[in-house]
1. Output the number of the condition that residue C:30 fails; it satisfies all remaining conditions of (1) free of Cβ contacts under 8 Å to residues at least 40 places away in the same chain; (2) of a type outside the set (S, T, N, Q); (3) closer than 23 Å to residue D:108 by Cα; (4) within 11 Å of DNA strand E (Cβ to nearest atom).
2. Just to check your reading of the model, which residue among A:101, A:67 is among the hydrophobic types (A, V, I, L, M, F, W, C) and away from chain B (no Cβ under 14 Å)?
3. Count, please, the residues in the range A:111-154 that happen to be out of contact with any Lys or Arg (no Cβ under 7 Å at 6 or more places or on another chain) and open to solvent by 20 Å² or more (accessible area, probe 1.4 Å).
4. Select from the range C:56-74 the residues that are at pLDDT 90 or above and open to solvent by less than 70 Å² (accessible area, probe 1.4 Å) and write down the one among them that is nearest to the chain's Cα centre (by Cα).
5. Identify, from the list C:160, C:165, the residue that is modelled with pLDDT under 95, part of a helix (DSSP H, G or I) and within 10 Å of chain D (Cβ to nearest Cβ).
6. What are the residue pairs meeting all of these: first residue in the range A:169-193, first residue farther than 22 Å from residue A:151 by Cβ, second residue among the β-branched types (Val, Ile, Thr) and assigned to a helix (DSSP H, G or I), Cβ atoms under 9 Å, and 6 or more apart or on different chains?
7. Going through the range C:98-114 one residue at a time, which ones are without any contact (Cβ under 8 Å) to a residue 24 or more places away in the chain and of a type in the set (Ser, Thr, Tyr)?
8. Out of D:103, D:77, D:3, which single residue is more than 16 Å from DNA strand E (Cβ to nearest atom) and surrounded by fewer than 19 Cβ atoms within 10 Å (Cβ to Cβ)?
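The values are calculated or read from the model by the stated rules, or taken from the named source; none is laboratory data. Remember, predicted model here, so these are calculated numbers, not experimental data. Every residue, glycine as well, gets a Cβ built from its backbone with ideal geometry; the counts of neighbours run over all protein chains shown. Please note that ligands, DNA and RNA were not included when accessible areas were found on the heavy atoms of the full protein model with its side chains. Shrake-Rupley method; radii C 1.70, N 1.55, O 1.52, S 1.80 Å.
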4 protein chains.
Amino acid sequence: MTRNKLKEVAMRLFGEKGYDGTALSEIAKEVGVKTPAIYAFYENKEDLFMTVFREAMQSYNTFIQEVSEEQKELNARESLYRVLSRQYQFYKKSPEPNLFVLRYVLFPPSFLKETIEDAFLHSDETLTKAIEGLIEQGIREGVMKDQSVQPLVDAFLNLMDGLSMQYFYYTSKELYERKLNNAFEIFWNGACS
Amino acid sequence: MTRNKLKEVAMRLFGEKGYDGTALSEIAKEVGVKTPAIYAFYENKEDLFMTVFREAMQSYNTFIQEVSEEQKELNARESLYRVLSRQYQFYKKSPEPNLFVLRYVLFPPSFLKETIEDAFLHSDETLTKAIEGLIEQGIREGVMKDQSVQPLVDAFLNLMDGLSMQYFYYTSKELYERKLNNAFEIFWNGACS
Amino acid sequence: MTRNKLKEVAMRLFGEKGYDGTALSEIAKEVGVKTPAIYAFYENKEDLFMTVFREAMQSYNTFIQEVSEEQKELNARESLYRVLSRQYQFYKKSPEPNLFVLRYVLFPPSFLKETIEDAFLHSDETLTKAIEGLIEQGIREGVMKDQSVQPLVDAFLNLMDGLSMQYFYYTSKELYERKLNNAFEIFWNGACS
Amino acid sequence: MTRNKLKEVAMRLFGEKGYDGTALSEIAKEVGVKTPAIYAFYENKEDLFMTVFREAMQSYNTFIQEVSEEQKELNARESLYRVLSRQYQFYKKSPEPNLFVLRYVLFPPSFLKETIEDAFLHSDETLTKAIEGLIEQGIREGVMKDQSVQPLVDAFLNLMDGLSMQYFYYTSKELYERKLNNAFEIFWNGACS
DNA sequence: CATGAATGAGCCTTCATTCAT
DNA sequence: AATGAATGAAGGCTCATTCAT
C-alpha cells in the first residue's frame, strides 16, 4: 500500500519539480509517512526514481504496443487518426507518467542519461514500425498514392512529437483538440495528394 | 568580463542540469572564481537565473522577430521553408539559449511559472502572426488553394514544435535534416492540395 | 534529553554573547552533537531562541507570581524586604534566565521587539499590582504614614530595577548585599517619615 | 567628514543592534559610501567599534565630570536633584552614546570585557566621589541628619542606575518624569529623616 | 579617498542516509 | 513497517577584509 502510494506521489513530484527539486521528505509527507520509511521499500532516492521511471516508461510502451496491435478492422486514415486520439486520451487519463517520460527523455539527470536513451530508442523503433505498417496499409488501400514510406513516417512522428509538447503547455482542451485535428488534416492531405 | 562569463556558464549548466541540479559553486568553478564572487554581480541564484532566462528569451525573440520581418523577395514556399531552416541554423549556432528556453518553457521552476508563461505566450503570438502572414501570402500567390488559414497555421506551428523537440534528442545531423525536409514536404503538399 | 540540554546551553550562550554572537555550532558543540541535530528539535535558530525566551520569561513570571501571592503572615516591611531578597536569591539560583531576560528586554533583536515589549509589560503590571498591595498594607498597618501610594510604588520599582542591573555588573557578593540593604533602608525611611 | 559620519552611524547602529548584529556594509550604506571606504579611516571593525566606544565613554565621563564640579552655589538637595535631571537631559540630548554605554557596560563583546570593566570602574569611582561630596555637604548643611555616608551614597547610585534602565524601556516622557520625581522624593525623605 | 572585484571563513539550513528501537 | 535521533556533505549566502586601480 505505502509502496504504491510512494510510487504515485514520486511520479507526480519528480515529474513536476524534477529530480533535484524533489526532496524525499516531500514525497514522504504527502504519503503521510516519515522519510526513513521510504528506505523500507526502496534502496535510495535513485532506486525510487528508477522504479518510477521504469513504470512510466512501461506505461508509455504499453500505449505504443496497443497502437501497434489493434489495427485490424479500421482503414488507414482511421487508424492513424486513432493513434493521435489514443495518445491524447492517454495523456488525459494519466498525465503524470507522460509528463514524467517527456521530462526525462528530454532532460535526463546525468546519472541515467544512457539508460534513458537506450530505453527510449527502443520504444521509438517500435512506434516507427507501427506507423510504417499503417502507412503501408494506406498505400495498399490505394488512398495514399504510391510513394516512399519514409517521408510520411517522419512527418507523422513529427506530428506526434509536436502534439506531445503542446499538450503540456497549452492548457485549454478545445485549443488542443483544434490543433490536433487541423494538423492531422493537413498531414493527411499531404499524404494523399 | 567575469559577469558575462558567469552568464554564459550559467546558461549552459542551468540548461543541462536544471536549476536545482546546478550549484553556484559549479558555475563559479568553471568561470575560475570562488562562489561568493557571484554575489558581486548578481543578487542571488534566482537573480542570476532570471538574468540568464531573460537573455535566452530575448535571443529566442530576436529569432522570431527576424522571421517576421525579412519576407520580402521570397515566395511563400521559400519563406516557410526558410523559417524552418533558420530555426535549425539558430539551434546549431547557439544551442545553449535554445535548450534553456525549451527546458524552462516546458518545466519552469515553480517560482517563475507565471513569468515564463507570460513571456512565452507573447512570443507565441508574434510567431503565429508571422506564420499567418506567410500563409496568406501563399494563398494570394495562388500556390495554396483558397482555404481557411487557421488549419495551416496550426499545422505549421506543430511542425516547428516537433522539430524543436527532435533537435535536442536526435543527435545525428543527417537524420534531423531528413526529418525536417520530409515533414516540410508533406506539410507543403497538404497545404497545396 | 538533547532537547533540554540544547535549551540550557542556548539560554546561557544567547544570554552571554547575544543572538547574533552565538553560532548554532557553538551550542551544538557544547551539547556534544553536530549542528544539524538541532533541527530535529527546533525549526530554526529563531525558534530555538524563542523557546528559550519563553522559558526564561516564564521563569521570571513565576518569580513575580510568587512575590504576589505569599504575603500573608509578614508585616509590610518584612514583605517588601523579602521581595528584594527573593529577587536576589532568584538571581543567584538561576542567573542564566535572568541575565537572558534582562538582556533581551533591554536589547531585543529586531525580529521580536514587539513580542518582548508585550510580554514584559504584562509582567510589569503584575509586579506593580503586587507592590501596590504591599504598600497599602503598610499604610493600613500604620507604619507608613497615610500618603498617596504611587510615589512609593515608583520608588520601590526603581529600587528593584537598579538592583537588577547592579547584580550583573558588580561581581562581589558582599558589595551587592551591602548595596541592597542600604538602598532598602533609605527607601524604608523615606516611606515612613 | 566621512570619518565623523561613520562614527555617528556606527554609534547608533552598534547601540541598537549590537556588535555582531551590525554589518559594516550597513554602516557604510547609511553614510552613503561603500564598505571598503571604512578602511581608509579605521583599521577594522574592532577599531571602529573601539573608537566609538571611547567616544561614548568620554561623553559619559564628561557628564560625570560636570556633575562633580559645578556644585558651588546650590544647596545639597538642589544639587542632588540636579544630578538626576542632568542625567535625564543628557539622555534626551544624546541618547545614542548613552544607549551605547549602557549596552556595552552590561553586555560587552568578549574581546573587550576587561577594557570596558576597567573604564567603567573608573567612571564609577569618580561618580561615587562626587555623590559622597554632595551627601557630606547635605550633612554639613544640617538638612540631612548626621549619619554614615555610605548608605546614602549606595541608595543614590542605585537610584541613578534604576533611572538609567527605565529611561530606555519606558518610552513615555511624562511617565519617566513622574518616576524620577517620586523616586527622588522618597530618597530625600529617607535621607533626612 | 573611494571603489570594484575577489576571497576565506563561517553561518544557517536542507538533504539523503543510517541506525537503534 | 515505521520512527526518532543523528550525521556528513553540500548549498546558498553574508561578512570582514584585501588589493589594484
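1. With (1) free of Cβ contacts under 8 Å to residues at least 40 places away in the same chain; (2) of a type outside the set (S, T, N, Q); (3) closer than 23 Å to residue D:108 by Cα; (4) within 11 Å of DNA strand E (Cβ to nearest atom) applied to residue C:30, the lone miss is (4).
2. A:67
3. Number of matching residues: 30.
4. Checked the range C:56-74; the qualifying residue nearest to the chain's Cα centre (by Cα) is C:60.
5. C:165
6. Between residues of the range A:169-193 that are farther than 22 Å from residue A:151 by Cβ and residues that are among the β-branched types (Val, Ile, Thr) and assigned to a helix (DSSP H, G or I), the close pairs are A:169/B:105.
7. Selection gives C:110 alone.
8. Sole residue among the options that is more than 16 Å from DNA strand E (Cβ to nearest atom) and surrounded by fewer than 19 Cβ atoms within 10 Å (Cβ to Cβ): D:77.
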